[in-house]
Amino acid sequence: MRKAIWIVLALVALVGVVLYLETLEDVAEVTETGAEVALRPVTVVDARIGNHAGTISVFAEVVPRWQVDLRSRVAGIVKDISPLALGGSRVPGDTVLLTLEEAPFLASVEEARHTLKNAEFGLRQKENKRDIALKDWRAVNPDEVPPEMAIHLPEVRVAEQSVAAAEARVGAAEFDLRSTTIRAPFNAIVTKRRVSPGQSVNEGDVLFSLLDDSQLDIRVSLSPNEWRSLAANWEDGRADLFDDAGSHIGTAKVKRGGGFLEPQSRRYQLFLEVDRSSETLALPGQFVRVALKGQQVENTLRIPESALTQNGFVWIVDPADRLQRYEASALFRNSGDVVVKAPDDASTGDVLRIVRLPMSAYLPGQVVAPVSGGQGE
């Protein structure tokens with residue numbers, strides 16, 4: 001009985017607590033304030049829908065039109081190296097850079113000339129023998145054509161070939177002798193010297209590395225989309241060159257390209273020639289950004305690059321100060337700006353308020369407080 005009484009009392013207490021809590025909820029007061037909720041400030045720029053020409057930016061290396069690893073044509077010992085043939089030196093074309101020991105090659109020339117003299121003497125003997133045999137034949141058979149063997153014509157032909165071979169050997173020996181003197185093939189900068197006096201070199205060894213900086217070229221690789229975005233008159237166009245710090249260092253003339261795809265990358269190739277002037281700062285071997293002129297695209301906006309989100313959206317503040325967004329992709333990028341397609345429901349000439357720095361917390365339809373941050377195009 002005592003246990004049953006305690007159970008009943010516990011149930012009564014539980015019911016009382018529940019009723020009390022319901023009473024509290026029913027009479028809870030909500031305090032209302034008259035203060036307005038502060039709107040989120042959003043920086044916007046005005047951008048007008050129209051036709052915009054973009055810039056196609058690609059990176060490429062500036063290379064000299066002429067550069068060579070100067071190799072030894074013959075084997076020998078280095079006799080002398082010119083004081084001009086040092087790394088970083090500028091040398092005029094045909095400057096003697098190095099000479100090899102000449103004695104073995106002089107001997108080869110004299111030996112070849114001696115062989116030529118013997119061949120010429122042998123030819124004269126065969127020709128004399130032919131003339132005597134022809135005279136004797138005509139004395140006996142004046143009206144008949146003599147057989148070649150009868151007048152020794154095959155012997156004369158062999159002697160003539162011997163003379164021709166001996167002359168070729170003389171020419172080859174003289175060429176080897178001239179090859180002991182290494183000359184600069186063009187006006188050049190010596191970028192590297194690989195030999196020293198007294199060193200033995202073999203045929204084909206690299207002696208010097210040279211380049212000519214008087215004319216510089218650039219080979220640009222473009223994707224199919226970039227190729228289609230080039231201006232229609234790209235053959236007569238020019239490109240601006242910028243260094244890795246973004247400074248303008250010169251211009252280049254578009255010369256040719258588009259005739260083939262590079263086999264490995266399947267990209268179009270464009271060839272440019274750097275304009276050489278006092279203002280050109282581009283150097284051989286420099287990695288530069290090449291800015292090519294793109295075509296005019298209708299119904300586009302030029303907006304700050306920061307306004308295009310990483311997931312490809314552009315945020316707009318509508319006339320009711322509400323956030324809206326649409327999906328877009330960059331058609332051109334240049335100097336912190338990006339050209340994108342305008343929204344489908346907008347018209348040419350309309351001015352849109354573009355959010356300069358969109359946040360991931362933004363929601364479509366959210367009311368904001370727009371703050372002017374500049375004028376777009």
Within the set 274, 17, 62, GNM on the chain using Cα springs under 10 Å gives the largest fluctuation to 17
What lysines sit close enough to residue 129 to cross-link, taking a C-alpha to C-alpha distance under 29 Å and skipping anything fewer than 8 places away on the same chain? 117
From a point 7 Å beyond the Cα of residue 279 in the direction of its Cβ, which residues of the range 53-83 have a backbone N at a distance under 16 Å? none
The lysines whose Cα lies under 26 Å from the Cα of residue 341, excluding any fewer than 8 residues away in the same chain, are 293
Coil-residue GluC sites (Glu not before Pro) of the range 228-306, DSSP, other Cβ within 10 Å capped at 15: 279
Once the in-chain neighbours fewer than 8 apart are removed, the lysines whose Cα is under 22 Å from residue 135 read 126
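Just from its helices, what would the mean residue ellipticity at 222 nm be for the chain, if runs of 4 or more DSSP H residues each count -39500 (n - 2.57) and the sum is divided by every residue, rounded to the nearest 500 deg cm²/dmol? Each step should come with its number before you reach the end.
Details: 4 runs with 94 residues, N = 377.
One gets -9000 deg cm²/dmol as the mean residue ellipticity at 222 nm.
Taking the convex hull of the alpha carbon atoms in the range 229-305, what volume per residue do you get, in Å³? Present the calculation step by step, with values, prior to reporting the outcome.
Working: hull volume 11.4 nm³, N = 77.
It is 148 Å³ per residue.
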Can you give the angle from 0 to 90° between the axis of helix 153-178 and the longest principal axis of the chain, with both taken from C-alpha atoms, to the nearest 10? 50 degrees
Just to verify a number: FRET efficiency for residue 266 and residue 181, C-beta to C-beta distance, R0 = 51 Å, to 0.05? 0.60
Neighbourhood charge, 13 Å Cβ-Cβ cut-off, centred on residue 86 and excluding it, Lys, Arg +1 and Asp, Glu -1: +4
Here the averaged projected area of the range 138-187, based on the convex hull of its alpha-carbon atoms and given in nm², is 6.1 nm²
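Quick one: divide the alpha-carbon radius of gyration of the chain by 2.2 N^0.38 Å and tell me what you get.
Values: Rg = 44.2 Å, N = 377, 2.2 N^0.38 = 21.0 Å.
Cα Rg divided by the expected 2.2 N^0.38 Å: 2.11.
A short reminder: the numbers here are calculations on the coordinates, not readings from a lab. Since the structure is predicted, the reported quantities are computational estimates derived from the model, not experimental observations. Glycine gets a Cβ as well: all are built from the backbone with ideal geometry, and neighbour counts include every protein chain shown.
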